[in-house]
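> Handing you this structure, nothing more for now.
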Amino acid sequence: MTYGTTRRTVLMTTGAVALAAGCGSESTKSDTPPGSQDLTKTADIPEGGGKIFKDQKVVVTQPTKGEFKAFSAICTHMGCTVNQVADGTIDCPCHGSKYHIADGSVAHGPATKPLPPKTIKVEGNSIHLA
């Protein structure tokens, strides 16, 4: 026994496809720029200090009020992950290397190369990793 296409079947199928596609739904949109990752809020980065994000291998600092910088969290000496930001430096626990929070330059060896900068974007109160 075969059945012809009914108006009900067409409407139900069209509605299901529209729902699956998220037809014009605002809830599917994100404020995060394309290709970037939501990292943290600006309030989470202390002025004159910073915060390490181990999973992303990045450290974000705020050398002066409202100025945010980001660097690789991998020490350029032997590849250890830095473990703290204190007293104006980003510190590595392995051999004692320290880097300036303002530019990633070496403050104390044995490292001889600065931490590579990372690209971040500050939008409102959010910091995104590009």
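> Residues of region 70-89 with amide nitrogen under 17 Å from the 7 Å Cα-to-Cβ point of Thr112?
Residues 75-79 qualify, since their backbone N sits under 17 Å from the label point.
> Give me the percent of accessible area attributable to carbon and sulfur for region 45-102, probe 1.4 angstrom. Could you put the intermediate results ahead of the total?
On the way: 1280 of 2760 Å².
The nonpolar share, carbon plus sulfur, comes to 47 percent.
> Say R0 is 25 Å: what FRET efficiency, to the nearest 0.05, do Asp103 and Asn125 get from their beta-carbon distance?
Values: r = 24 Å, r/R0 = 0.97.
The pair Asp103/Asn125 has a calculated efficiency of 0.55.
> Tell me, how many Å apart are the Cα centres for region 76-130 and for region 37-72?
Taking the Cα centre of each part, region 76-130 and region 37-72 sit 10 Å apart.
> Quote the FRET efficiency, to the nearest 0.05, computed for Lys41 versus Met78 with a Förster distance R0 of 22 Å and r equal to the Cβ-Cβ distance. Could you put the intermediate results ahead of the total?
Details: r = 32 Å, r/R0 = 1.46.
Calculated value: 0.10.
> Mind scanning Lys65/Lys113; Lys54/Lys113; Lys41/Lys113 and naming the pairs with a C-alpha gap bigger than 22 Å?
Lys65/Lys113; Lys41/Lys113
> On to the next question. Round to the nearest 0.05 the FRET efficiency obtained for Gln56 and Cys94 when R0 = 25 Å and r is the Cβ-Cβ distance. Write down the numbers at each step before the final one.
Values: r = 20 Å, r/R0 = 0.79.
After rounding, the FRET efficiency stands at 0.80.
The values are calculated or read from the model by the stated rules, or taken from the named source; none is laboratory data. In this text the structure is predicted, and so the values were computed from the model without any measurement. Ideal geometry is used to build each Cβ from the backbone, glycine not excepted, and the neighbour counts take in all protein chains shown. With ligands, DNA and RNA removed, areas are computed over all heavy atoms of the protein, side chains included. Shrake-Rupley method; radii C 1.70, N 1.55, O 1.52, S 1.80 Å.
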